[in-house]
1. Does anything in region 211-245 have its amide N under 13 Å from the 7 Å Cα→Cβ label point of residue 141, and if so which residues?
2. Taking neighbour Cβ counts within 10 Å as the exposure measure, how do 432, 404 sort from fewest upward?
3. Which residue, chosen from 514, 536, 464, occupies the Cα position most advanced towards the positive end of the dipole of region 339-539, where the dipole is computed from +1 (Lys, Arg) and -1 (Asp, Glu) charges on Cβ about the Cα centre?
4. Treating the beta-carbon of each Lys and Arg as +1 and of each Asp and Glu as -1, no other charges, what is the dipole magnitude of region 339-474 about its Cα centre, to the nearest 20 debye?
5. Residue by residue through region 267-273, what is 3J(HN,Hα) from phi via Karplus (6.51 cos²θ - 1.76 cosθ + 1.60, θ = phi - 60°)? Round to whole Hz and write x for glycine and proline.
6. At 0.890 mPa s and 25 °C, plugging the Kirkwood radius over alpha-carbon pairs of the chain into Stokes-Einstein gives what diffusion coefficient in µm²/s?
7. Antiparallel DSSP bridges in region 339-539: what percent, to the nearest 5?
8. Given axes a ≥ b ≥ c from the Cα gyration tensor, I'd like to know whether region 339-539 is rounded (a/c under 1.5), prolate (a/b larger than b/c) or oblate.
Amino acid sequence: MGRHADPTARRRTVPPVLLAAGLVVLLLGGGLTWWLTTRGCDDRVTVDVTVAPELGGLAEELLAEVPTTDDDVCVEAAVTAQEPVQTAGSLGALEAAALPDVWVPDSSLWAARSGYGELQPMGSMAVSPVVLATSRAAVEELGWSNQAPTWGQALGTGRPLAVPDLAASAEGLSALAAVRSSLGGDEQADNAVVQAVLSAARNTAPSPADALATGTGGAADAPLVPVSEQEVYAANESVTEANLVAVYPAEGTPALDYPVLRVGAASGAEQTAVEAVVRRLRSEDALAAVQEAGFRGPEGGAPPRAGGESGIAGQMPASLPLDVQQVQALLTRLSSLAAPSRLLAVFDVSTSMKAPVGDGTRATLARDAAKSTLSLVPGDFALGLWAFAYQLEGEQDWTALVPTRELDADVGGTPQRDVLDDQLDTIPERLTPGGTGLYDTTLAAVRAARDDYDPTAVNSVLVLTDGTNEDDDAGISLQNLLVALAAEADPDRPVKVIGVALGPDADLSALEQIAEATGGAAYSAVDENDLQTVLFDALRQRD
């Protein structure tokens, strides 16, 4: 028979005193945990920090623990690594609540470019000079081992220049601004920089990443790449043989200064928290971290293994300050090249183009200058070609040699660029007696360009002449031409005329009036040997 529990037996209970004691211990334990994790925190504030990508991991480690402030504010930092161009764009587009509290871009240039008024500089987190990176073998071949080149000389080697996206690269823009300064900072310097950019696009120069890989591989024909010194240092840290080197041009180098910027205004605990994050980013721990990563400290202190095989100099190179406004103006000019051109070039082939110039004539000079300029122009530019003099086709003063098409367009198996090149070769053979129908040709060219208008491009007519209009009896007068241009102007299809007066006998005054009527420009090449520069500047005319 099985055993059963005694229904009369009393259940054992915990004495009330012991139960109360257990509850006290439990509560004390939980309270102790809460107290330990929150003691000293009258406020807990999150600070949003956005940094340049190369500082991302470093900033996360530094800000993983931000000391509690003197007035008991506990700080948590939320770090975002983002390209400065994106952050700069956000500053003017997003609501204040969506913006970071602290921003560390790679360069102070971004503060000016953003146009955002509520940025307060709080010092620098790091510095990295802008250099030209290439291989040690290339430096030997170029003769730069014992004597550094100027920025202008470096640009003129003929060696490929891997130009980064200037809209997104502070180091690329800084390098080109240094080149411009080295070459005198004038219009000719502007043209040289623009030619370098166009040439890189035209000749399909390697990307900066590919160019750096070529340099790291040690190739003697490695391109030049404008990069930060830190990028050279970091690349050599990851390989067994340090083939990549930083070239420091003779005038000095601009530098990425990694400014620590407070964004907007804060008060109370929020302000205290932001100040704590700023202190952490500029602390001794931060200095050690950035130098270990290959940056220089704000005062120029070198990375621990600088010099020797690191690829970078031990001493801080001479600084080359850049004018922020001039850099911004250069960017505007270079950015304008992003919009392709659609240009109809109209060349004078009257007898006066036989006038001797150097070893040739004005006609051969115009041909050679045009062919040289054509070699620089990107493939998405569209160009056409006319010749004009007097009654070249019946009573018509002009003849169309090549319709306007993109230079990369296929024309019966031949690129448009080559078709134009071949037709330019015929210019000296086309010289015709009888005068110059400048005004009739100009009006016809503007009308043709408007009929062929491309709303995605800058549409223009380039007229090159060495004389004056000699068709007064049968053709339109200057006054009537100006009236017609004004009457036919279409704000939805603007076509500007760019006039080039070649030699002392050209009617610059008439070209200036025509240019003014169409929003274009007029250029004088009184010294015919300046035609190359003038023609290139005319071709890139955008304003």
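1. 214-224, by backbone N distance to the label point.
2. Numbers: 432 18, 404 21.
Starting with the residue having the fewest Cβ neighbours, the order is 432, 404.
3. 536
4. Numbers: 10 positive and 24 negative charges, 62 e Å.
Charge dipole, region 339-474, about its Cα centre: 300 debye, nearest 20.
5. Taking θ as phi minus 60°, the curve returns 8, x, 4, 5, 5, 4, 5 Hz for region 267-273.
6. Values: Rh = 27.9 Å.
The Stokes-Einstein estimate is 88 µm²/s.
7. Numbers: 11 of 37 bridges.
So the antiparallel bridges amount to about 30 percent of the total.
8. Working: a/c = 1.40, a/b = 1.04, b/c = 1.35.
Cα axes put region 339-539 in the rounded bin.
Rule-based calculations on the coordinates, nothing more; no lab input. Remember, it's a predicted structure, so these values are computed and weren't measured experimentally. We place every Cβ from the backbone using ideal geometry, glycine too, and count neighbours over all the protein chains shown.
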